[in-house]
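The values are calculated or read from the model by the stated rules, or taken from the named source; none is laboratory data. This one's a predicted model, so the numbers in the text were calculated from it and none came from an experiment. Positions of Cβ are backbone-derived with ideal geometry, glycine not excepted, and every protein chain shown enters the neighbour counts.
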Amino acid sequence: MSTTGPVFDSKLPAVGVSIFSVMTRMANEYGAINLSQGFPDFACDPELVEAVARAMRDGHNQYTPMPGVHALRDAIAAKVRHCYGASVDPATEVQVTCGATGALYSTLTAFVKSGDEVVLFEPCYDSYVPAIRLSGGTPVFVALRYPDYRVDWDEVARAITPRTRAILVNTPHNPTGMTWTPEDMRQLATLVDGTDILLIGDEVYEHIIFDGRRHESLLRYPELRSRAVVISSFGKTFHATGWKVGYAIAPAALLAEIQRVHQFVTFTAHSASQVAFAEFVTRDPGAAGLADFYQAKRDLFLQLLDGSGFTPLGCSGTYFQLMDYSAMTSDRDTDMAMRLIKDHGVAAIPCSAFNYQDTGGPVLRFCFAKKDETLRAAAERLRDI
């Protein structure tokens with residue numbers, strides 16, 4: 001009897017364990033302070049935990065309607081009106097998902113077919129490219145170049161072809177902390193006018209934006225909103241990344257296509273969490289105080305590293321800070337990241353992990369969504385390099 005297993009070709013032959021898992025594993029192995037993976041090391045609001053527990057005690061433990069709990073979809077629509085002045089029908093234009101990642105996967109699967117191209121801005125979040133390739137699409141990269149990571153609109157125009165199915169916009173941008181401006185949105189509107197190009201907006205850090213800036217959501221612009229799927233997440237807003245509850249907003253015809261896929265991927269997200277988030281979003285649709293909370297952490301981290309060998313790059317949103325280490329070494333960012341963990345006890349992400357074509361720069365990404373004492377302890381080690 002043969003013991004040979006089945007022979008198959010991998011759909012993602014170049015994809016291994018994510019850099020986030022690798023760095024977290026190594027941080028644990030070497031006892032390093034983990035500023036690599038993007039999650040808080042502090043607790044979410046105890047009242048939110050109690051709201052979930054209360055919802056479970058009240059019986060919210062079974063399937064919800066496939067689009068999500070009615071109260072949560074109503075709260076999302078009210079939030080969009082409050083924050084962006086856009087009118088959204090909660091019955092036909094809002095889909096609750098298992099995190100933003102679930103929304104992205106369902107959206108890309110629904111619209112990207114073999115031979116289609118999707119324009120991406122690199123460095124880019126690591127879930128985009130695999131989802132595009134699994135649908136038979138081709139990612140087309142436009143570089144956000146070190147050190148300011150601004151969009152080169154001439155390059156975007158050159159990247160668009162008759163095969164362009166979608167442009168994936170991420171603002172505030174992970175990993176760079178760059179945010180789009182009203183002028184960026186105007187340039188985008190000009191490029192897609194008269195085309196069938198879909199816009200996919202990854203806006204999970206929408207409420208984490210600094211120095212008095214305004215989040216330029218695709219929802220603010222009617223000419224963009226009509227062709228856009230806007231995706232966000234409650235995990236970043238409420239310090240509960242492990243609950244994996246997100247949502248997609250799109251015109252009814254687009255959302256119906258996304259739902260065709262979503263219903264066969266997860267069908268619903270966790271029921272009691274949806275009920276709790278509905279209560280909290282209704283209470284505070286604009287996430288008041290969140291931007292100030294994280295700006296204070298950004299500023300503390302920068303203050304603690306002032307005078308070190310690291311040079312901060314601009315960070316106008318997210319809870320990530322890029323640091324240029326070129327004053328200390330010419331090592332590749334992957335080598336520098338390994339040295340930080342092994343020799344200095346701090347884990348960061350090499351920015352090249354988010355790149356596919358551009359070489360990037362001598363840059364590491366640090367997550368400052370941490371307790372102040374965690375940031376102080378990490379900075380003390382980093383200053384010793």
Given the structure, is V151 touching a helix residue (DSSP H, G or I) at 6+ places or on another chain (Cβ under 8 Å), assigned to a loop (DSSP other than H, G, I, E, B) and assigned by TED's automatic domain parsing to the domain that holds V112?
yes
Specify the residue that is nearest to A337 (Cα to Cα); the eligible residues are those in the range 1-34 that are among the β-branched types (V, I, T) and part of a loop (DSSP other than H, G, I, E, B).
V17
Could you please let me know if Y294 is under 16 Å from P40 (Cα atoms) and modelled with pLDDT of 95 or more?
yes
Residue list for the range 228-246, filter: in a strand (DSSP E or B) and under 19 Å from E216 (Cβ atoms)
A228, V229, V230, I231, S232, S233
Quick check on the range 92-100. Is at least one of its residues modelled with pLDDT of 95 or more, more than 30 Å from A252 (Cα to Cα) and in the same structural domain as L168 (by TED's automatic domain parsing)?
no
Given S36, S106, which one is over 15 Å from A278 (Cβ atoms) and not assigned by TED's automatic domain parsing to the domain that holds A348?
S106
Of (1) in contact (Cβ under 8 Å) with a residue 40 or more places away in the chain; (2) out of contact with any strand residue (DSSP E or B) (no Cβ under 6 Å at 6 or more places or on another chain); (3) of a type in the set (A, V, I, L, M, F, W, C), F368 satisfies every one except (2)
Does the range 35-83 hold any residues that are β-branched (V, I, T) and in contact (Cβ under 8 Å) with a residue 60 or more places away in the chain, and which are they?
V52, T64, V69, I76, V80
For the range 171-196, give me each residue that is surrounded by fewer than 18 Cβ atoms within 10 Å (Cβ to Cβ), of a type in the set (G, A, S) and under 16 Å from G212 (Cβ atoms).
none
So A347 fits all but one of (1) hydrophobic (A, V, I, L, M, F, W, C); (2) closer than 16 Å to F39 by Cα; (3) within 19 Å of the chain's Cα centre (by Cα); what number is the exception?
(3)
Evaluate the following for G136: is it in the same structural domain as S87 (by TED's automatic domain parsing), among the small types (G, A, S) and closer than 21 Å to G85 by Cβ?
no
Matching residues in the range 113-166 - criterion: being within 18 Å of the chain's Cα centre (by Cα), under 21 Å from L191 (Cα atoms) and of a type in the set (D, E, K, R):
E122, R150
The range 178-202 residues that are in the same structural domain as V230 (by TED's automatic domain parsing) and under 23 Å from L108 (Cβ atoms), paired with ones that are buried (at least 17 other Cβ atoms within 10 Å of the Cβ) and at pLDDT below 95 (beta carbon under 9 Å, 6 or more apart):
D202/Y125
Residue list for the range 52-87, filter: part of a loop (DSSP other than H, G, I, E, B) and either surrounded by fewer than 22 Cβ atoms within 10 Å (Cβ to Cβ) or of a type in the set (S, T, N, Q) (or both):
D58, G59, H60, N61, Q62, Y63, T64, P65, M66, G85, A86, S87
State which residue is nearest to T97 (Cα to Cα) when the search covers only the range 261-320 and only residues that are aromatic (F, W, Y) and either in contact (Cβ under 8 Å) with a residue 24 or more places away in the chain or buried (at least 20 other Cβ atoms within 10 Å of the Cβ) (or both).
F267
Single unsatisfied condition, T237 versus (1) in contact with an Asp or Glu (Cβ under 6 Å, 6 or more places away or on another chain); (2) over 26 Å from Q357 (Cα atoms)
(1)
Those residues that are in a loop (DSSP other than H, G, I, E, B) and either without any contact (Cβ under 8 Å) to a residue 24 or more places away in the chain or surrounded by fewer than 22 Cβ atoms within 10 Å (Cβ to Cβ) (or both), I need them from the range 247-260; list them, please.
P251
